[in-house]
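Written out below as structure tokens is the structure these notes cover.
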Amino acid sequence: MSRVAIVGIGHSRFGRRTDVNVGELAFESIKEAVDDAGVDRKEIKNVVVGTMGSWYEELLPAVVVNEYAGLSGAGTMRVEAACASGSAALKAAYNSIVSGETDVALAVGVEKMTEVDSPTSVELIGRAGSYMWEFENFGMTFPAYYALYAVSHMNRYGTTEEDLARISVKAHRYGAMNPLAQFQKEITIEKVLGSPVVAWPLKLYDACPLTDGSAAVVLATEDVAKKLSDTPIWIKGVGYSSDTANLGRRSNYVGLEAAVRAAGRAYSMAKVSPGDIDVATAHDCFTIAELMAYEDLGFCRKGEGTKLLREGQTEIGGKIPVNVDGGLKAKGHPVGATGVSMAVEITKQLRGEAGRRQVPLRKGLGLVHNVGGTGHYAYVTILSRS
Amino acid sequence: MSEQPSLHSSRPLTLRFDIPISKTREFWDSLRDGKFVTTKCSECGNVTFPPQADCPRCMGSEFEWVDLGREATLVTFTSVQVAPASFAGSGPYMIGIGEFRGGVKVLARLEGIEPKKARPGAKLRIEARSEKGGNPYYVFVAC
């Protein structure tokens with residue numbers, strides 16, 4: 001089984017992108033990734049496009065994106081794992097190389113979420129899960145799902161609204177240092193706590209925005225990677241898992257079991273432990289989600305996420321810096337692009353190319369934690385410099 | 001950045017789904033009679049909610065209906081302030097997950113309690129509702 005490396009990365013500016021359609025948006029990151037890899041597009045035999053869709057007009061986004069970027073003819077598919085669609089695309093591209101099917105593959109994540117109005121977006125995301133039993137009669141929303149977890153975590157472990165606000169403040173601090181982020185302004189705890197409630201106890205500033213954006217990575221076999229790149233970043237472990245569609249069937253609401261399982265599988269495949277990780281991106285679609293991720297990923301014990309946070313251990317210079325690209329909260333969350341965007345960020349960090357946001361590297365290991373829905377899907381990917 | 005020119009698509013699409021319920025029709029009929037029932041696998045005894053005709057534990061397809069009773073305990077909750085488009089105008093509303101004796105958990109609207117006063121562990125009663133021209137549904141009411 002060949003080792004697989006990331007040899008090219010591309011990332012569009014995230015935000016409300018009324019200047020581009022879905023093909024044009026994907027092109028921005030594809031061109032950058034192909035140029036970065038220095039690969040001939042003819043060598044790319046598989047293009048996997050991660051996107052959830054339905055908030056933009058195209059129903060066959062993979063072929064639209066490929067046509068625009070001159071990639072028609074490659075094997076292709078669109079993959080969906082809700083907000084983890086990007087990691088699912090990465091996994092499918094990775095599989096095509098590990099299986100010996102192709103030497104070079106491209107994973108693209110793209111989402112165009114602002115072509116419909118905001119209430120329609122809220123509707124579409126709220127429907128994701130169990131439509132019949134949790135949406136039709138009740139009107140669940142995405143913030144409401146995570147609010148159920150927040151209330152439970154607060155009740156069980158004494159987590160406070162201030163703790164959650166602290167995560168948002170951290171995200172905005174790093175977002176202000178990321179020129180590709182949707183929000184590049186620092187905020188205060190008071191500003192978070194004073195923002196309007198969307199689903200109690202979560203407020204507007206506990207929530208990621210609706211975002212347009214794309215990201216792309218070129219993957220290659222060991223032989224090809226060594227020819228193309230001086231700094232290939234290796235995919236050492238991929239773990240993925242899922243949970244029930246109905247939240248009523250979950251055993252608890254203080255963590256995401258799919259993420260715990262995905263992390264366990266990724267650590268085991270990579271033969272590393274949580275303490276070995278130098279830098280991580282965690283799926284902070286809501287502040288509570290990042291807090292649960294600390295615990296689900298084993299960066300601390302269950303219920304001790306707030307301690308890690310309050311001590312500043314998840315900031316640059318701490319034990320395990322998390323979301324130093326601004327996270328979904330400040331960088332933005334173009335659903336299908338997010339997992340690929342996270343892989344781009346960790347690759348930059350491991351190459352030592354993250355500029356002002358660079359974390360100190362000890363073991364040269366980084367982790368991508370990407371969750372779909374409310375822990376309906378979970379992917380954990382471990383990347384390594386060696 | 002500033003808004004850029006766009007072409008408003010002139011072909012809006014309305015989707016209305018006819019969702020089959022024949023295999024779990026008893027649930028909806030019972031709800032109309034004010035009873036809250038679900039499926040229990042005749043082979044392995046697994047009780048599932050939402051009701052389903054085929055057991056996800058043993059894959060058996062023989063089942064019976066069991067009455068879950070009315071009493072449940074609040075596990076967690078939220079108060080939705082920003083509603084989806086199709087719930088526009090229905091104002092802030094609460095949603096809770098209640099646990100019945102035996103461990104079955106159900107998500108539904110939660111009434112009769114203020115968000116600030118609600119606590120996990122609160123006693124709930126489930127009530128069947130149906131509105132003229134609408135589908136039957138159920139809500140938790142705080143005791």
Checklist entry - Using the Karplus equation 6.51 cos²θ - 1.76 cosθ + 1.60 (θ = phi - 60°), what ³J(HN,Hα) coupling, rounded to whole Hz, does each residue of segment A:140-146 give in order, writing x for Gly and Pro? => result 5, 10, 5, x, 5, 4, 5
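Tell me, B:C44, A:C208 in order of fewest to most beta-carbon neighbours within 10 Å? Write out the running numbers ahead of the final one.
Numbers: B:C44 11, A:C208 28.
Ascending Cβ contact count within 10 Å gives the list B:C44, A:C208.
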Checklist entry - What list do you get for A:E290, A:E162 if you sort them by fewest beta carbons within 10 Å? => result A:E162, A:E290
Next on the checklist: Binning at 5 angstrom from zero up to the longest distance, how are the C-alpha pair distances of segment B:19-67 distributed in percent?
Outcome noted: 5, 25, 31, 22, 13, 4, 0
Checklist outcome for this item: Taking Cα atoms, the helix A:161-175 axis meets the longest principal axis of chain A at an angle in degrees (rounded to 10) of 30
Checklist entry - Considering every Cα-Cα pair within segment A:48-95, what fraction, in whole percent, is farther apart than 16 Å? => result 37
Next on the checklist: Report the per residue volume, in Å³, of the convex hull enclosing the C-alpha atoms of segment A:111-223.
Outcome noted: 185
Item to check | FRET efficiency for B:C143 and A:Q184, using Cβ-Cβ distance with R0 set to 41 Å, rounded to 0.05 | outcome: 0.25
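Take peptide B:68-77, look around each residue's Cβ out to 10 angstrom, count Cβ atoms belonging to other protein chains, and average those counts.
Values: counts 0, 0, 0, 0, 0, 0, 1, 8, 14, 6.
Mean partner shielding for this stretch: 3.
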Item to check | Spread of Cα-to-Cα distances over 5 Å intervals beginning at zero, given as percent, for segment A:286-370 | outcome: 3, 14, 25, 27, 21, 10, 1
Next on the checklist: Rounded to two decimal places and with Rh computed the Kirkwood way over Cα pairs, what is Rg over Rh for segment A:227-342?
Outcome noted: 0.97
Checklist entry - Helix A:22-37: angle to the longest alpha-carbon principal axis of chain A, degrees 0 to 90, nearest 10? => result 60
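Between A:D276 and A:K227, what length in nm is gained on full extension when 0.36 nm per residue of separation is reduced by their alpha carbon distance?
Numbers: separation 49, 0.36 × 49 = 17.64 nm, distance 2.85 nm.
Extending this stretch completely gives an extra 14.8 nm.
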Checklist outcome for this item: Taking a label point 7 Å from the Cα of A:E353 along Cα-to-Cβ, the residues of segment A:328-344 whose backbone nitrogen sits under 14 Å from it are A:343-344
Next on the checklist: Residues of segment A:145-175 with backbone nitrogen within less than 18 Å of a virtual label 7 Å along the Cα-to-Cβ line of B:R119, please, listed as ranges.
Outcome noted: A:151-161
Next on the checklist: If I model a spin label as a point 7 Å beyond the Cα along the Cα-Cβ vector, how far apart are those points for A:T244 and A:T120 in nm?
Outcome noted: 3.4
Item to check | Whole-Hz ³J(HN,Hα) from phi, Karplus 6.51 cos²θ - 1.76 cosθ + 1.60, for segment A:291-296, glycine and proline x | outcome: 4, 5, 4, 3, 7, 5
Item to check | Long-range HN-HN contacts of A:H333 with modeled amide H, under 5 Å | outcome: A:T211
Next on the checklist: Please flag any cysteine in chain B that has no other cysteine's Cβ under 4.7 angstrom from its own Cβ.
Outcome noted: B:C143
Item to check | Cβ-defined net charge surrounding A:G312, 12 Å radius [Lys, Arg +1; Asp, Glu -1] | outcome: +4
Item to check | Nitroxide proxy distance, nm - points 7 Å out along Cα→Cβ at B:S10 and B:W28 | outcome: 3.9
Checklist entry - If you wrap a convex hull around the C-alpha atoms of segment B:70-143 and split its volume per residue, what is the figure in Å³? => result 98
Item to check | Mean residue ellipticity (222 nm) of chain A, computed from DSSP H runs ≥ 4 via -39,500 (n - 2.57), nearest 500 | outcome: -11000 deg cm²/dmol
Next on the checklist: For chain B, compute Rg over Rh where Rg is the Cα radius of gyration and Rh is the Kirkwood radius from the inverse mean 1/r over Cα pairs.
Outcome noted: 1.09
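Which whole-number percentage describes the relative contact order of chain A, with Cα contacts under 8 Å and a sequence gap of 6 or more?
Numbers: 978 pairs, mean separation 98.8, N = 386.
Value for chain A: 26 percent.
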Checklist outcome for this item: Between B:A128 and A:L193, Cβ-based FRET efficiency (R0 56 Å, step 0.05) works out to 0.90
Item to check | For the protein assembly as shown, radius of gyration divided by Kirkwood radius, i.e. Rg to Rh on alpha-carbons | outcome: 0.98
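Mean separation of Cα pairs under 8 Å and 6+ residues apart, divided by the residue count of segment B:21-143: what relative contact order is that in percent?
Details: 250 pairs, mean separation 28.2, N = 123.
So the answer I get is 23 percent.
Values quoted throughout were computed directly from the atomic coordinates according to the rules given, and no laboratory measurement underlies them. This one's a predicted model, so the numbers in the text were calculated from it and none came from an experiment. Ideal geometry is used to build each Cβ from the backbone, glycine not excepted, and the neighbour counts take in all protein chains shown.
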